[in-house]
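S.K.: Pasting a structure here, questions to come.
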Amino acid sequence: MGGRLRAVWPPVLIAIVFLAAWQILVVVQDIQPYLLPSPTLIATNFFRDLGLMWGATSYTGLTALLGLLFGTMLAIVAALLAQRFIVVNNLVTPLAAGLAAVPIIALTPLLNNMFNITSRTPRVLVTVIIVFFPMFVNVTRGLVQVQPVQLELMRSMNANPRTVLRVLRVPNAIPFFFTGLKIAAPLAVIAALVAEYFGGPQEGLGSRITSAAANTAYGRAWAYVAASIILGLLFYLTVLALEKWTTPWAGHRARP
Amino acid sequence: MSTPTTTETAVRAAGIWKVFNQGLTNEVTALQDIDLTVGQGEFVSLIGPSGCGKSTLLRVIADLTDATRGEMEVAGMSAAKAREEQRYGIAFQSAALFDWRTVRRNVELPLELQGWDRAKRHERAMELLEMVQLADFADHRPWELSGGMQQRVAIARSLAVDPPLLLMDEPFGALDEMTRERMQNELLRIREETGKSIIFVTHSIPEAVYLSDRVVVMSPRPGRITDIVDVDLGVRNEDTREAEVFFEGVTAVREALRGRGGGTLRARVGEV
């Protein structure tokens with residue numbers, strides 16, 4: 001317990017020092033809010049408009065969550081096929097790498113035209129595409145990178161490929177799955193948010209930041225940014241907690 | 001019944017060849033014309049420098065790889081059939097335990113694949129963990145165990161389906177000397193209790209002599225059997241390691257490895 005506390009307080013302390021320095025800088029230098037609002041101004045806006053914050057955060061959060069879920073499911077199916085059929089692997093891997101290179105900004109207006117711009121669909125699709133690559137790469141690696149000696153052991157026990165998948169490959173891939181998810185979850189939030197910059201429903205964090213900034217409500221714009229940070233952290237920490245809970249062996253390796 | 005001498009054979013290899021990259025410029029003859037018979041209940045070590053094909057021979061016996069030519073019979077059937085029917089258990093240099101399973105569930109794995117029900121496989125696993133003196137660690141995870149303990153779990157797992165034959169590929173190779181000697185005694189005790197035939201790959205001369213009824217000496221390029229040394233140490237205990245007859249065995253195997261053959265002990269040169 002004492003150890004955990006000792007791990008927590010240095011970053012907290014740094015955050016406090018950072019915020020205090022920021023506040024002092026803004027006050028002493030008399031920096032205008034359109035350049036940089038003070039932490040207290042942002043906090044005031046945040047807590048005054050708590051209802052708005054929650055609404056925008058839950059809208060973008062749902063987009064990110066849906067994209068994360070569908071993207072992950074798609075990646076798992078593709079990874080299972082890739083480990084089973086080398087042909088699929090050779091087809092999908094460059095495709096996935098190609099998808100990773102697609103700039104989300106270039107894609108969003110087109111998806112908005114292809115699908116109903118007034119719906120959430122194009123945003124979820126953008127998020128799915130962003131999530132797919134890190135999940136596919138990591139899950140495939142986990143399914144394929146099993147110790148050769150463990151494969152020999154399975155063969156000595158006369159296990160068929162399906163049994164090897166169930167007993168060895170899938171459990172082996174779980175820590176890799178979480179490595180992917182730790183990358184994909186914050187990315188999903190960013191994707192869902194950025195996708196809102198290109199029109200469509202105005203409920204989300206991305207839309208709110210743009211409109212608040214356009215209305216010179218800089219304190220509110222920054223309060224939405226703070227809400228975005230909280231949302232991203234929430235996604236990341238949830239994944240961390242899930243990982244700890246489901247894979248107590250992660251980070252451990254039995255010595256040979 | 002320390003060394004049961006029945007006429008039944010555990011393994012019979014006749015004219016086994018294993019050639020890698022056949023027909024290519026980097027062709028390697030890993031095994032050349034291997035003849036070897038291991039009797040039921042016998043403890044046979046395969047020893048030789050790296051590249052002599054001892055591990056390859058073990059893998060052919062285990063049907064983890066095919067022989068290029070020749071006939072391999074395990075437990076009176078083809079090696080492939082013996083593997084399918086689980087007539088051998090195997091332990092490697094790496095314990096190859098599954099990190100996501102508890103110690104007990106690692107031992108249960110072969111039983112699970114054979115469709116044993118939960119209660120029976122639980123009972124059997126505990127019995128085996130009792131034998132390797134790890135019953136207290138049944139619910140631990142593999143990484144919480146020392147290297148020697150992990151290897152004992154691997155041995156328990158290899159005995160799970162009660163196969164008549166145990167194949168071991170340098171199982172103590174990664175352990176420190178103290179642990180290693182303790183594991184050797186442990187293995188002899190398990191053998192005493194179970195009466196298994198054991199084929200044991202090692203590159204340690206004292207280990208081979210201490211454990212075996214016969215030491216099969218191999219040499220590389222091409223991998224072949226150059227000598228077979230009979231060892232008769234009687235009942236082994238800690239004094240055995242310092243006994244005259246033990247050192248004679250070590251000398252005999254060492255000379256066989258150097259290619260002089262015909263050691264001071266009852267070494268028999270050539271084929272058996």
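Read-outs: derived from the displayed coordinates by stated rules, not from any lab. If you're wondering where the values come from, they're calculated on a predicted model, not measured in any experiment. Heads up, the Cβs are rebuilt from the backbone with ideal geometry, glycines too, and the neighbour counts pull from every protein chain shown.
S.K.: Read phi for every residue in the range B:47-57 and hand back ³J(HN,Hα) as whole Hz from Karplus 6.51 cos²θ - 1.76 cosθ + 1.60, θ = phi - 60°, with x for Gly and Pro.
M.R.: 10, x, x, 4, x, 7, x, 5, 5, 4, 4
S.K.: Other chains near A:151-162: what is the mean number of their Cβ atoms within 10 Å of each residue's Cβ?
M.R.: On the way: counts 2, 8, 14, 3, 6, 14, 14, 9, 3, 1, 0, 0.
Mean shielding count: 6.
S.K.: What percent do you get for the relative contact order of chain B when only Cα pairs under 8 Å and 6+ apart count?
M.R.: 23
S.K.: For B:Thr226, which sequence-distant residues (separation of 5 or more, or a different chain) have an amide H within less than 5 Å of its own amide H, given hydrogens modelled in the peptide plane?
M.R.: For B:Thr226, the qualifying residues are B:Val217, B:Met218, B:Ser219.
S.K.: With the crude spin-label approximation of a point 7 Å out along Cα→Cβ, what separation in nm comes out for A:Leu35 versus A:Phe18?
M.R.: 2.2
S.K.: Pairs of lysines 8 or more apart, or on different chains, with alpha carbons under 21 Å: count those in chain B, would you?
M.R.: Lysine pairs, 8 or more places apart or on different chains, close enough: 4.
S.K.: Report the local net charge at A:Pro201: Lys and Arg +1, Asp and Glu -1, summed over other residues whose C-beta lies under 12 Å from its C-beta.
M.R.: Summing Lys/Arg as +1 and Asp/Glu as -1 gives +1.
S.K.: Determine, for each peptide in B:219-226, A:130-137, A:173-180, A:233-240, the mean count of other beta carbons within 10 angstrom over its residues, then list the peptides with the highest first.
M.R.: The packing order, highest mean first, is A:130-137, A:173-180, B:219-226, A:233-240.
S.K.: I would also like to ask the following. May I ask you to sort B:Tyr88, A:Tyr59 by Cβ crowding, counting other Cβ atoms within 10 Å and putting the fewest first?
M.R.: If I rank by nearby Cβ atoms, fewest first, I get A:Tyr59, B:Tyr88.
S.K.: Quantify how strongly other chains surround peptide A:172-180 by giving the mean number of their Cβ atoms within 10 Å of each of its Cβ atoms.
M.R.: Averaged over the peptide's residues, the number is 1.
S.K.: Further question on the same structure: For the range A:149-247, what relative contact order do you get, as a whole percent, if you take Cα pairs closer than 8 Å and at least 6 residues apart?
M.R.: It comes to 28 percent, rounded to a whole number.
S.K.: Right, next: Count the DSSP beta bridges whose two residues both fall in the range B:125-272, then state the antiparallel fraction as a percent rounded to the nearest 5.
M.R.: 65
S.K.: At 222 nm, what value in deg cm²/dmol follows for the protein assembly as shown if DSSP H runs of at least 4 each add -39500 (n - 2.57) and the sum is divided by all its residues, to the nearest 500?
M.R.: Value at 222 nm, helices only, nearest 500: -18000 deg cm²/dmol.
S.K.: Something else now. Kindly work out what percent of the DSSP beta bridges joining two residues of the protein assembly as shown are antiparallel, to the nearest 5.
M.R.: Within the protein assembly as shown, antiparallel bridges account for around 55 percent of the total.
S.K.: Once phi is turned into θ = phi - 60°, what whole-Hz ³J(HN,Hα) does the Karplus curve with 6.51, -1.76 and 1.60 give for every residue of the range B:233-243, x standing for Gly and Pro?
M.R.: 9, x, 6, 7, 8, 4, 5, 4, 5, 10, 7
S.K.: While we're here: Counting only other chains, and only Cβ atoms inside 10 Å, what mean value do you get across the residues of B:87-98?
M.R.: Shielding by partners across B:87-98 averages 5.
S.K.: Give me the net charge of B:Asp162's neighbourhood, meaning all other residues with Cβ under 11 Å from the Cβ of B:Asp162; Lys, Arg count +1, Asp, Glu -1.
M.R.: +2
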